[in-house]
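Throughout, read-outs are computed from the coordinates displayed, never taken from laboratory work. This is a predicted model, so every value here is computed, not measured. Glycine also receives a Cβ, built like all others from the backbone with ideal geometry; neighbour counts cover every protein chain displayed.
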C-alpha cells in the first residue's frame, strides 16, 4: 500500500531538500510558465538540459525517480496521440476521416511530448524532495497576504495539517472496509464500469459514517487539550529564506534570459 | 459529543471530509487525473448542498489530492480553483431548495457542466483538444456525481449534514 504515499516524499539531505519549500513551489510554477515560451529546437534543448541538470545534480536516487515517473508516461502518450493525429498542416502523409498524419502534427506532438515530460519531471522532483507538511506550510505562507482581507488562513492551515494527518488513516480504513466487504462476497474487479461503481456504495457508506464520528471524537480530543480557535498561534516548524534560495532564483532569471535569446 | 463547541467541530469536520476526499481519490479508482478521469470522490460535492463549510472541505481535499497529480502545481492551482467555484455555485443554487432530491440534481448538473475548467486546463497545458476532453471529463464527473447522489441521499437520512 505504501507505494502511493501522499506526496511521495523521499527524505534526504540534498541541496534540493534544503531549499525553502516556498522557493521550490514558486520556482516550479514559474518554470512551467516559461516552458510555454519555448518555440524552437534550441529553446527546447535549453529547457531539457536544465531539467536533466537539476535531476542529476539533485543527488536523488535516479532509479527510484525514473521508475516512479514511468506510469505517468501513459498519460503523456494519450495526449501525444491526440496531438499527432488531430493536428493538420504542412505536408500530409496519411489521412483517414478526422485523423491525419501531417508535418505540423508530428512537430507539435514532439513539442507537446517534451513540454509535458518536463512538467511531470519537475513536479515529481518537487514532490519527492518536499515533505507534504512543508508544502502545506509553504502554501500557507504564500497565501498569508490574504490575511489582510480577513481570510482565516491560520484556520485553513490547521485544517490542511489535520487533513494530511488523517489521509493515511482513512486510506487504511477504506482498504479495511473493502476487504471486509470482499469477505462478504462483493467483487470489486468484476463487471462493467457501472457495476463497479455500484459496488462502491457498501464501502462508502460505512466510511462516511466512521469519518463523521471520527470528526466528533477529534473535536473532543482537541478541546480537552485546550484548543480554542481564538488567539495567535505559534508554530513548531519555521520557514527560513536563505542565500541558496536567492541563488536558485538568480539561476531561474538567467535561464529565462537565455530562453528569450534562443526563441524566435 | 454535544459539548464540543461548534467552532472546533467545524474545523474537524472540514479536515476529515477533506482527508476522506483524498483517501477515496487515491485508493478507489486508479485514474483520478488527466483527460480521461473518474474520481468517485467528486460525488462528495453534494455535501455543499447541505452546508457551506463543505466548500472549504472539498477545496482543501482537491488541493491535497492534486499534490500527487502528474501535472503537479498547475493542477493544484487550477483544479482547486475549479472546485472552489463549482461548489460555491452549487451552494448558492441549492440554498433555498427544500427537497433533497432536487438539491442533489442541481449539484449534479452544476458540477458536470463546470468541468470545463478542468478541460480548459488540460487543453492549455497538454494541448489535448478542448471539446473531446470536456466530454470525457464531464462524463466521469457525471458518473461520480450520480453515485454521490445515491450515497448522500442514503446518508442524509442518518447523518444531519446541515449541522
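Within a 10 angstrom radius of the beta carbon, how do A:161, A:189, A:123, A:224 rank from fewest other beta carbons to most?
Starting with the residue having the fewest Cβ neighbours, the order is A:189, A:224, A:161, A:123.
Can you give the three extents of the C-alpha atoms in the range A:1-158 along their principal axes, from longest to shortest, in whole Å?
Dimensions of the range A:1-158 along the principal axes of its Cα atoms: 57, 42, 36 Å.
Quick one: compute the contact order of the range B:2-155, relative version, from alpha carbon pairs under 8 angstrom and 6+ residues apart, as a percent.
After rounding, I find 29 percent.
I need the P(r) histogram for chain A: all alpha carbon pairs, bin width 5 Å from 0 out to the longest distance, whole percents.
Over chain A, the share of Cα pairs per 5 Å bin runs 1, 5, 9, 11, 12, 12, 12, 12, 10, 8, 5, 2, 1, 0, 0 percent.
Return one number: the angle in degrees, 0 to 90 and rounded to the nearest 10, between the long axis of the Cα atoms of helix B:100-113 and the longest principal axis of the Cα atoms of chain B.
Relative to chain B, helix B:100-113 is tipped by roughly 20 degrees.
Could you work out the relative contact order of chain A? I mean the mean sequence separation of Cα pairs under 8 Å and 6+ apart, divided by the number of residues, in percent.
29 percent
Quick one: compute the contact order of the range A:44-164, relative version, from alpha carbon pairs under 8 angstrom and 6+ residues apart, as a percent. List each step's numbers first, then the result.
Details: 94 pairs, mean separation 24.1, N = 121.
Rounded, it is 20 percent for the range A:44-164.
Could you tell me what a quarter of the Cα convex hull surface of the range B:36-122 works out to, in nm² with one decimal place?
Result: a mean projected hull area of 5.1 nm².
Take A:30, B:54 and order them by how many other Cβ atoms sit within 10 Å, fewest up front.
A:30, B:54
Go from 0 up to the bin containing the longest alpha carbon distance in the range B:2-155, width 5 Å each, and give me the % of pairs per bin.
The calculated distribution, bin by bin, is 2, 10, 19, 24, 21, 13, 7, 3, 1, 0, 0.
Averaged across the residues of A:194-207, what count of C-beta atoms belonging to other chains lies within 10 Å of each residue's C-beta? Walk me through the numbers on the way to the answer.
Values: counts 3, 0, 4, 10, 2, 0, 8, 4, 0, 4, 14, 5, 0, 6.
So the per-residue partner count for this stretch is 4.
If you stretched the chain out fully between residue A:237 and residue A:169, how much longer would it get, using 0.36 nm times the residue separation minus the C-alpha to C-alpha distance?
Length gained between residue A:237 and residue A:169: 22.2 nm.
For peptide A:110-117, compute the average count of partner chain beta-carbon atoms within 10 Å of each residue's beta-carbon.
2
Give me B:111, B:62 sorted ascending by neighbouring Cβ count inside 10 Å, so fewest comes first.
The fewest-first ordering by Cβ neighbours comes to B:111, B:62.
What is the average number of partner chain Cβ atoms found within 10 Å of a Cβ in B:57-67? Show your work: numbers first, answer last.
Numbers: counts 2, 0, 1, 7, 2, 0, 5, 9, 2, 0, 14.
Partner Cβ neighbours, averaged per residue: 4.
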